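Taking it in order: structure first as structure tokens, then the write-up.
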Amino acid sequence: MASDKEPNIWLIVLKLAAGAAALAGLVWLALWYSENYGTGQPMTPPLKPKMDWGIANDSPIRNNR
């Protein structure tokens with residue numbers, strides 16, 4: 001007769017699989033909720049930088065003056 005002190009491996013594996021499935025389900029639910037019911041206004045793309053600012057118009061080729 002098997003000793004009752006030893007844990008059943010299949011029961012531990014079943015509990016771990018159920019926990020992983022529950023965690024994945026919660027993450028999916030949170031992502032779905034944030035996509036559908038998140039902020040009312042969608043994100044706008046960042047503004048394009050002005051071409052006269054900084055080094056945007058500098059040539060990468062060195063000038064030999």
Out of (1) at pLDDT 80 or above; (2) open to solvent by less than 100 Å² (accessible area, probe 1.4 Å); (3) part of a loop (DSSP other than H, G, I, E, B), the odd one out for Glu6 is which? (2)
For residues in segment 33-58 being open to solvent by 100 Å² or more (accessible area, probe 1.4 Å) and assigned to a helix (DSSP H, G or I), which is modelled with the highest pLDDT? Tyr33
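The values are calculated or read from the model by the stated rules, or taken from the named source; none is laboratory data. The model shown is predicted, which means the values in this text are computed figures rather than measured ones. For the accessible areas, the whole protein counts, side chains as well, though only heavy atoms, and no ligand, DNA or RNA atoms are used. Shrake-Rupley method; radii C 1.70, N 1.55, O 1.52, S 1.80 Å.
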